[in-house]
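The values are calculated or read from the model by the stated rules, or taken from the named source; none is laboratory data. Everything numeric in this text was worked out from a predicted model, so none of it was measured. Positions of Cβ are generated from backbone atoms using ideal geometry, with glycine treated the same way; all protein chains shown enter the neighbour counts.
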Amino acid sequence: MLTLATGNKAVAAAVKEARPLVIAAYPITPQTEIVEQIAEYVAAGELSSQYIPVESEHSAMAACIGASVTGGRTFTATSSHGLLYMHEMVHWAAGARLPIVMANVNRSVGPGWNVWAEHTDAFSQRDTGWLQVFVSTVQEAYDATLMAFKIAEHEGVLLPVMVNLDGFTLSHIMQSLETVEIGDFLPPMHLPHAIDVEQPCAYGPLTGPADYFKFRWDIERSMRDAPGVIAEVEREFGERFGRRYGPTEDYRCEDADILVIALGTLGKEAEVAVDLLRAEGVKAGSMRLRWFRPFPDLDLRGRDVVVIDRDYSFGFGGVLAHSIRSKTGVEPFSVIAGLGGQEVTYDDIADFVRMHTPGTEYWFGVNGHV
Amino acid sequence: MTEIRKEEFILKCTSACAGCGGSLCLRYVLKAAGPDTVLVVPACCTSVIQGIYPATAVNIPVYNIAFAAAAACASGMSSAFRALGRKTNVIAYAGDGGTVDIGIQALSGAFERGTDFLYICYDNEAYGNTGMQRSGATPLGARTTTTPGGKPTTKKDLDRIVEAHDPPYMATACSAYPLDLYKKVKRALGIPGPKFIHILAPCPPGWRFPAEQTVEMGKLAVKSGMWVLYEREYGSLTISAPSKAAMRKPVPLEEYIRRQGRFRGITDAALTELRHQADLNLRRLTREAEGIC
């Protein structure tokens, strides 16, 4: 069905289609619309999930953990300080191998209070064992949320998935949305280690180094298998519903000499910048990174690369720029832009390409090259 | 007379200290709850007592969870089980630190939401698992590793905090009175909604008394009036038989205090204050039981 929706409402609509057993909900700007819309679905009888209005995000994830281990599908949504407050349980969910799906509406971190888009919140969770996907349109928010359940629940993955969408620039903007009837694309969840009172086990007890090490390796092994599962799920989704996704979304990259790499809405904005640059004769392309964990293999040989980070690791550098440098060996031009919701237009992105100087860092809106 | 189930759900050779009051409580809690039960355990002595992976000394599923998260995890689990049409008992089994301090927000939230579960706080009045640091439940004057001169403030009144949530059932118990505990757990599990039992669990290494005196120490706590056994069902309070007997002929508080190394060197002022608090608590409960308040 074709409709109009915000990014938040698209996520809620996908959750309705996925029919979780339990949803734990706590409000935080700019995520709140997701849990409000889900509450409406439940109140109207359109969704039969148990809706737990928890008293904190730490408890939201703890409740999802307790529900997930019974073998039921679970969902929660958060943002920024909420995500940071639940950090301990974010680790726990992955370590416990529970296929929880969470929408994270990317927002900056205080002080000062700032509710606008930034990726620092998601990156602060990058080492927890969660799969992380970043989306750029309302439609993609919907599709990625539906696929997240299938990927997380795949027996070769059994890890939680975080669907990231930019605060306001995606969560609150209205675009067309085509909803689907999910059918058997998403079969009932099967958790091999679900609690069974007939087969009592200790879950997460004291564990010595030898066993603990094996469990850690097992998470990494699943992370290494995940790209294959993601590709299979995205291929099946494309065949069934006609929309195709991959680890990156490439725009005019085939013959490009210089690539812009960014996440989320900035990555989409870069496509317009590429058109502007192409009109000037600059052979530019946009490679919007979708999956951040597991980090995909990228072939960037022989091209200049401009990486836009809407985040910063203090005392180190842009998280995305450094990830690309360490994974591909290229020396990108690292642009730090959009912090705290700073406006970054396609003209600005075109300027980043025009001024690119490999191996340097540029703070957009402060004092230029540093 | 109540017949206590013969079946054991705590197997022999746990990692508990000699004379552990907490594992004694757990034994009777699980006998009362039976096999269709999941225990949700935050960081506490029971995290250790249950054994090291892949072995376990507990013969029902135990879900271990982070320190602050027991009640929230149990909330999710209970909701999921009920949605699946299963009656499985969900029991959060947490120490005093995980309840009165770091876990109190999750506890309050779960009770306010009316979660169908039983929350048990087994209280040894300090962070036992990490080697006896003071908790909010440590009594006035007690020495711990972080209150080497004796705790300068009084024990947080957890029961009145829980009472403020108006749960359908709440009770106190003590490891020295297993039959009373057994009946209370049975009673609690027969009632829908959030239930709470606060169990005093004397701790020989923490309280510094000989390991063979755990039961005796628990009895002295009740007989001296320092710990009052009662249950409150749908707002109606009944003082339990052992405490009723103690009220008729109380043991002097000093007998309880002087036998514990943690109270060594307690000041007269602190002792007077402890006695005052115990009297106040007993008076408040008695008046409520008599329908005066």
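Numbers below:
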{"item": "Residue in segment A:50-76 that is nearest to the other protein chains (Cβ to nearest Cβ), counting only those that are polar (S, T, N, Q) and touching a residue at least 60 places away in the same chain (Cβ under 8 Å)", "result": "A:T70"}
{"item": "Any hit, segment A:247-257, residues being within 14 Å of chain B (Cβ to nearest Cβ), in a loop (DSSP other than H, G, I, E, B) and surrounded by 12 or more Cβ atoms within 10 Å (Cβ to Cβ)", "result": "no"}
{"item": "Number of the exception - A:R73 against (1) within 27 Å of B:D36 (Cβ to Cβ); (2) touching a Phe, Trp or Tyr at 6+ places or on another chain (Cβ under 6 Å)", "result": "(2)"}
{"item": "Odd one out for A:Q37, checked against (1) over 15 Å from A:M102 (Cβ atoms); (2) out of contact with any Lys or Arg (no Cβ under 7 Å at 6 or more places or on another chain)", "result": "(2)"}
{"item": "Restricting segment A:184-210 to residues that are small (G, A, S) and without any contact (Cβ under 8 Å) to a residue 12 or more places away in the chain, the residue that is nearest to the other protein chains (Cβ to nearest Cβ)", "result": "A:A202"}
{"item": "Subset tally (residues that are at the interface with chain A (Cβ under 8 Å from one of its Cβ atoms) and buried (at least 21 other Cβ atoms within 10 Å of the Cβ)) for segment B:48-67", "result": "9"}
{"item": "Qualifying position, being under 16 Å from A:E118 (Cβ atoms) and buried (at least 22 other Cβ atoms within 10 Å of the Cβ), among A:F292, A:F314", "result": "A:F292"}
{"item": "Unique residue being surrounded by 16 or more Cβ atoms within 10 Å (Cβ to Cβ), over 26 Å from A:V138 (Cα atoms) and either outside the structural domain of A:S80 (by TED's automatic domain parsing) or modelled with pLDDT of 95 or more (or both) when the list is A:I349, A:I336, A:I324, A:I308", "result": "A:I324"}
{"item": "Meets criteria (under 30 Å from A:S49 (Cβ atoms) and either more than 14 Å from every other protein chain (Cβ to nearest Cβ) or at pLDDT below 95 (or both)) for A:R221", "result": "no"}
{"item": "Check on A:I258, in contact (Cβ under 8 Å) with a residue 60 or more places away in the chain and in the same structural domain as A:T145 (by TED's automatic domain parsing)", "result": "no"}
{"item": "Of all residues in segment A:280-296 being of a type in the set (G, A, S) and part of a strand (DSSP E or B), the one that is nearest to A:M162 (Cα to Cα)", "result": "A:S286"}
{"item": "Criterion (within 29 Å of B:I257 (Cβ to Cβ) and either modelled with pLDDT under 95 or hydrophobic (A, V, I, L, M, F, W, C) (or both)) met by exactly one of B:A188, B:A110, B:A173, B:A106", "result": "B:A173"}
{"item": "Matching residues in segment B:264-286 - criterion: being closer than 22 Å to B:D159 by Cβ and in contact with a Gly (Cβ under 6 Å, 6 or more places away or on another chain)", "result": "B:A270, B:A278, B:L282"}
{"item": "Listing of strands (runs of 3 or more DSSP E) fully contained in segment B:87-198 that carry 1 or more residues being among the acidic types (D, E)", "result": "B:117-123"}
{"item": "Residues located in segment A:205-236, provided they are small (G, A, S) and surrounded by 16 or more Cβ atoms within 10 Å (Cβ to Cβ)", "result": "A:S222, A:A226"}
{"item": "So B:L30, is it within 14 Å of another protein chain (Cβ to nearest Cβ), over 30 Å from A:Y85 (Cα atoms), buried (at least 21 other Cβ atoms within 10 Å of the Cβ) and touching a residue at least 60 places away in the same chain (Cβ under 8 Å)", "result": "no"}
{"item": "A:E33 facing chain B (nearest Cβ under 9 Å), out of contact with any Phe, Trp or Tyr (no Cβ under 6 Å at 6 or more places or on another chain) and among the charged types (D, E, K, R)", "result": "no"}
{"item": "Members of segment B:163-176 that are buried (at least 24 other Cβ atoms within 10 Å of the Cβ) and touching a Leu at 6+ places or on another chain (Cβ under 9 Å)", "result": "B:A171, B:T172, B:A173, B:C174, B:S175, B:A176"}
{"item": "Matching entry among A:A194, A:A202 (being in contact with a strand residue (DSSP E or B) (Cβ under 8 Å, 6 or more places away or on another chain) and modelled with pLDDT of 95 or more)", "result": "A:A202"}
{"item": "Sole exception among (1) facing another protein chain (nearest Cβ under 9 Å); (2) surrounded by fewer than 24 Cβ atoms within 10 Å (Cβ to Cβ); (3) farther than 19 Å from B:S135 by Cβ for B:V38, by number", "result": "(2)"}
{"item": "Hey, B:T88 farther than 20 Å from A:M86 by Cα, at the interface with chain A (Cβ under 7 Å from one of its Cβ atoms) and either surrounded by fewer than 22 Cβ atoms within 10 Å (Cβ to Cβ) or among the aliphatic types (A, V, I, L, M) (or both) or not", "result": "yes"}
{"item": "Subset tally (residues that are of a type outside the set (F, W, Y), in contact with a Phe, Trp or Tyr (Cβ under 9 Å, 6 or more places away or on another chain) and not in a helix (DSSP H, G or I)) for segment A:227-245", "result": "2"}
{"item": "Positions within segment B:68-85 being within 7 Å of another protein chain (Cβ to nearest Cβ) and of a type in the set (G, A, S), in sequence order", "result": "B:A68, B:A69, B:A72, B:A74, B:S75, B:G76, B:S79, B:A80, B:A83"}
{"item": "Candidates A:T265, A:T179 - the one that is among the polar types (S, T, N, Q) and in the same structural domain as A:L98 (by TED's automatic domain parsing)", "result": "A:T179"}
{"item": "Options B:D116, B:D96; residue that is closer than 23 Å to B:V162 by Cβ and either buried (at least 24 other Cβ atoms within 10 Å of the Cβ) or among the hydrophobic types (A, V, I, L, M, F, W, C) (or both)", "result": "B:D96"}
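So that you can scan it fast, the table gives a plain yes or no per residue for (1) more than 19 Å from the chain's Cα centre (by Cα); (2) assigned to a loop (DSSP other than H, G, I, E, B); (3) of a type in the set (G, A, S):
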site	(1), (2), (3)
A:K268	no, no, no
A:V272	yes, no, no
A:R278	yes, no, no
A:D299	yes, yes, no
